[in-house]
Amino acid sequence: QVQLVESGGGLVQPGGSLRLSCVASGSISSINRMGWSRQSPGKQRELVAAIFSGGRAIYGDPVKGRFTISRDNAKNTVYLQMNSLKPEDTADYYCHADIRSSTGGPYYRYWGQGTQVTVSS
């Protein structure tokens, strides 16, 4: 069984920073893409950022220049450094990872339970 656990969410003032972490654990053979999506009430879930095993990263337009995604392959962990936060960044943030199980087979996308980020004064 594979599990993703996020941490680091909370309340922050506009202009502030937060760092999210997500650790993948369980029967893991390899991890390809890892990333973050977010969803706020009444809106569709949107991609925030993703990073591939080789280090290439992609970002959603609303966060370009403010957020940075990184990963530690040895720890099966992905991070999201969020700077210059705005009220419109308020959402539940979900980690995802494309993982091949130690039992073999194709990559499957797993999701975490989510962590709440609130940007408000």
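Checked against (1) part of a strand (DSSP E or B); (2) polar (S, T, N, Q); (3) at positive phi, Ser84 passes all but condition (1). If Tyr93 satisfies all but one of (1) within 15 Å of the chain's Cα centre (by Cα); (2) at pLDDT 95 or above; (3) open to solvent by 40 Å² or more (accessible area, probe 1.4 Å), what's the number of the condition it fails? Only one criterion is unmet by Tyr93, namely (3). Residues in the range 25-48 that are in contact with a Gly (Cβ under 9 Å, 6 or more places away or on another chain) and of a type in the set (A, V, I, L, M) were compared, and the one that is nearest to Thr118 (Cα to Cα) is Val48. Considering only the range 74-90, how many residues are farther than 23 Å from Pro41 by Cβ and under 12 Å from the mean Cα position of the chain (by Cα)? Matching residues across the range 74-90 total 4.
Residues of the range 58-78 being in a strand (DSSP E or B) and open to solvent by 40 Å² or more (accessible area, probe 1.4 Å), which ones?
Matches in the range 58-78: Ile58, Tyr59, Thr68, Ser70, Arg71, Asp72.
Checked against (1) hydrophobic (A, V, I, L, M, F, W, C); (2) open to solvent by less than 60 Å² (accessible area, probe 1.4 Å); (3) touching a helix residue (DSSP H, G or I) at 6+ places or on another chain (Cβ under 9 Å), Val23 passes all but a single condition, namely (2).
Report yes if some residue within the range 49-64 is touching a helix residue (DSSP H, G or I) at 6+ places or on another chain (Cβ under 8 Å) and within 14 Å of Thr115 (Cα to Cα); otherwise report no. Looking for residues that are touching a helix residue (DSSP H, G or I) at 6+ places or on another chain (Cβ under 8 Å) and within 14 Å of Thr115 (Cα to Cα), one finds none in the range 49-64, hence no.
The values are calculated or read from the model by the stated rules, or taken from the named source; none is laboratory data. Predicted model, so just to flag it, every value in this text is computed and none were measured. Ideal geometry is used to build each Cβ from the backbone, glycine not excepted, and the neighbour counts take in all protein chains shown. Just the protein is used for accessible areas: all its heavy atoms, side chains included, with ligands, DNA and RNA removed. Shrake-Rupley method; radii C 1.70, N 1.55, O 1.52, S 1.80 Å.
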